[in-house]
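A.B. asks: Take this structure, written in structure tokens, and hold onto it; I'll ask about it next.
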Amino acid sequence: MKFLRDLLDKQKPLFQKGGKFENLYYLYEAGETFMFSPNHTTGIKGAQVKDAIDLKRMMITVVIALLPCLLFGIYNVGEQHYLAVGEAVGFGEKFLLGLKLVLPIVIVAYAAGGIAEAVFAVIRKHPINEGFLVTGMLIPLVVPASMPLWQVALATVFAVVIAKEVFGGTGMNILNVAMTARAFLYFAYPAQISGDQVWTYLGEKTAVDGFSGATALSVAYNAGQSGEAVTGALASHNSAIGDQLYSFANMFFGFIPGSIGETSALMCLIGALILIATGVGSWKIIVSGFAGTYIMGLIMNAFAANEFMAMPAHYHLVMGGVAFGIVFMATDPVSAAQTERGKWLYGLLIGFLTVIIRVTNPAYPEGIMLAVLLMNVFAPLIDYYVVKANKKRRLQRATV
């Protein structure tokens, strides 16, 4: 490492003011600070702040929390493929196939987003922030393994530019960047991120007779429309490739078709524990998000106008991307509510809206994406009224 440090120090004058590549200084700085801790310290005068956490460590913590979802997602891509084609293979073959499909998506997302970040850093002459370390991991985890790489790149650049850079960069965005990328793909290229054919990779092989690539939410919605009990439809679906494929246990552990990283509620909960234990994620948003989902599920049960509304409320917690969205998207410290009371309301409303959109919208059986983006927009308003209420109470106490 000393050799690398010496090499960087030798080249640094070329990128400093007056150097041959001074316009590219922030690209140099990004590489230097990524590999080494900054060598500058706070001056003798002025504020002295000592803290073990900084933006880089915070982002790395979130990436570590995402690793269980990533690793399980890689395995599950292979698992679903070999289930669909009716072949019995070992763990290694399943993981390698998943790695072959998922790794290029991760690389493309990081490369496309990194280039966009670098271009804006050079134009605006500001350092490249580490915020994209998380976004570059989140985007691959919310798309199916069959997603074309060029669409991943396009969605990533769109999200970085439109959802973040136009607002001023890291820490200034109103919308969650990864959710914006998914929304872009959903509305621009719906054939590649919706329907029953995109969630299980088949390649050149043919699925076994009776196979359907429908997600659990799609099966539940169709059952509700036909008047069939949702639990029964889930239990019997895809019986050609395995009994109880959509059992509650399978949905909790994640052995079902879906986007790469969102199928396993268990892996999301492990990530949630990491975020809460390190203080990076808000436990209030996570708890209230799950509570809101469950409460609205119970309310739908009370009305039970169709079988989908009558589906047990706890099923909503493990179906689709609810767990992933609440743990990793809703807790985004920039686009979420900032006040402590506001976080409770913010999480509850995300849970409420997710179930409402799922059950009442025939065109969109999943609801977490729209719920998070909508509440991102309303988060500042929630904080405004929470702060306003706090001021009112304090003024009342002062006048007593």
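A.B. asks: Report the local net charge at Gly320: Lys and Arg +1, Asp and Glu -1, summed over other residues whose C-beta lies under 11 Å from its C-beta. Provide the component values of the computation, followed by the final result.
C.D. replies: Details: positive: Arg358; negative: Glu262, Glu366.
So the environment of Gly320 carries a net charge of -1.
A.B. asks: Order Thr354, Thr339, most accessible first, counting only protein heavy atoms with a 1.4 angstrom probe. Don't jump to the answer; show the numbers that get you there.
C.D. replies: Details: Thr354 0, Thr339 25 Å².
Highest to lowest solvent-accessible surface, that is Thr339, Thr354.
A.B. asks: Grab the beta carbon distance between Glu204 and Val119, set R0 = 35 Å, and tell me the FRET efficiency rounded to 0.05. Can you show the working numbers first?
C.D. replies: Values: r = 38 Å, r/R0 = 1.09.
It comes out at approximately 0.40.
A.B. asks: If packing is taken as the mean number of other Cβ atoms within 10 Å per residue, what is the order of 332-338, 215-221, highest first? Before the final figure, lay out the partial values.
C.D. replies: Details: 332-338: 21.0, 215-221: 24.3.
Ranked by mean Cβ neighbours within 10 Å, highest first: 215-221, 332-338.
A.B. asks: Okay, next question. Tell me the Kirkwood hydrodynamic radius of the chain in angstroms, computed as one over the mean inverse distance between distinct C-alpha pairs. Write out the running numbers ahead of the final one.
C.D. replies: Numbers: mean 1/r = 0.0440 Å⁻¹.
Value: 22.7 Å, from the Cα pair sum.
A.B. asks: Subtract the Cα-Cα distance of Lys100 and Ala235 from 0.36 nm times their separation in residues, and report this length gain in nm to one decimal.
C.D. replies: On the way: separation 135, 0.36 × 135 = 48.60 nm, distance 3.09 nm.
This chain segment gains 45.5 nm when fully extended.
A.B. asks: So for the pair His126, Ala277, with labels modelled 7 Å out along Cα→Cβ, what separation do we get in nm?
C.D. replies: 3.4 nm
A.B. asks: Under a point spin-label approximation (7 Å from Cα along Cα-to-Cβ), what is the Gln197-Leu67 distance to one decimal in nm?
C.D. replies: 3.9 nm
A.B. asks: Give the share of C-alpha pairs in each 10 angstrom bin for segment 118-272, from 0 to the last occupied bin, in whole percents, shortest bins first.
C.D. replies: That works out to 10, 32, 30, 18, 8, 2, in percent per bin.
A.B. asks: If you don't mind, there's one more thing I want to ask. Among the lysines, which have Cα under 28 Å from the Cα of Lys94 when same-chain residues fewer than 8 positions away are ignored?
C.D. replies: Hits, sequence-local ones excluded: Lys205.
A.B. asks: In square nanometres and to one decimal, what's the mean projected area of the convex hull around the Cα atoms of segment 56-192?
C.D. replies: Numbers: hull surface 34.5 nm².
One quarter of the hull surface, i.e. the mean projection, equals 8.6 nm².
A.B. asks: Take the Cβ-Cβ distance between Arg393 and Ile174 as r, set R0 to 22 Å, and report the resulting FRET efficiency rounded to the nearest 0.05.
C.D. replies: 0.20
A.B. asks: Can you give the relative contact order of segment 56-192 as a percent, counting alpha carbon pairs under 8 Å and 6+ residues apart?
C.D. replies: Relative contact order, segment 56-192: 24 percent.
A.B. asks: Which value does Rg/Rh take for segment 246-395 over its C-alpha atoms, Rh per Kirkwood? Walk me through the intermediate numbers first.
C.D. replies: Numbers: Rg = 15.8 Å, Rh = 15.7 Å.
Looking at segment 246-395, the ratio lands at 1.00.
A.B. asks: Let me ask you something else. Lys and Arg at +1, Asp and Glu at -1: add these up for the other residues within a Cβ distance under 15 Å of Ile174 and post the number.
C.D. replies: Working: positive: Lys164; negative: Glu165, Asp332, Asp383.
For residues surrounding Ile174, the net value is -2.
A.B. asks: Considering the convex hull of the alpha carbon atoms of segment 275-346, report its projected area averaged over all viewing directions, in nm², one decimal. Provide the component values of the computation, followed by the final result.
C.D. replies: Values: hull surface 20.5 nm².
With every direction weighted equally, the projected area is 5.1 nm².
A.B. asks: Note down the accessible area of Arg124, probe 1.4 Å, to the nearest 10 Å².
C.D. replies: 100 Å²
A.B. asks: Order Met58, Met311, most accessible first, counting only protein heavy atoms with a 1.4 angstrom probe. Don't jump to the answer; show the numbers that get you there.
C.D. replies: Numbers: Met58 55, Met311 0 Å².
Correct descending sequence by accessible area is Met58, Met311.
A.B. asks: Measure off 7 Å from each Cα along the Cα-to-Cβ vector at Ala363 and Ser226, then give the distance between these two points in nanometres to one decimal.
C.D. replies: For Ala363 paired with Ser226, the spin-label model returns 2.5 nm.
A.B. asks: Still on this structure, I have one more. List, largest first, the extents of the alpha carbons of segment 183-238 along their principal axes, each in whole Å.
C.D. replies: Largest to smallest, the principal-axis extents are 33, 30, 13 Å.
A.B. asks: Now a separate question. Can you list the lysines whose alpha carbon is less than 19 Å from that of Lys284, not counting same-chain residues fewer than 8 positions off?
C.D. replies: Answer for Lys284, where 19 Å is the Cα cut-off: Lys343, listed by chain and number.
The values are calculated or read from the model by the stated rules, or taken from the named source; none is laboratory data. Nothing here was measured: the structure is a model prediction, and the numbers come from that model. No Cβ is skipped: glycine too gets one built from the backbone with ideal geometry, and neighbour counts run over all protein chains shown. Please note that ligands, DNA and RNA were not included when accessible areas were found on the heavy atoms of the full protein model with its side chains. Shrake-Rupley method; radii C 1.70, N 1.55, O 1.52, S 1.80 Å.
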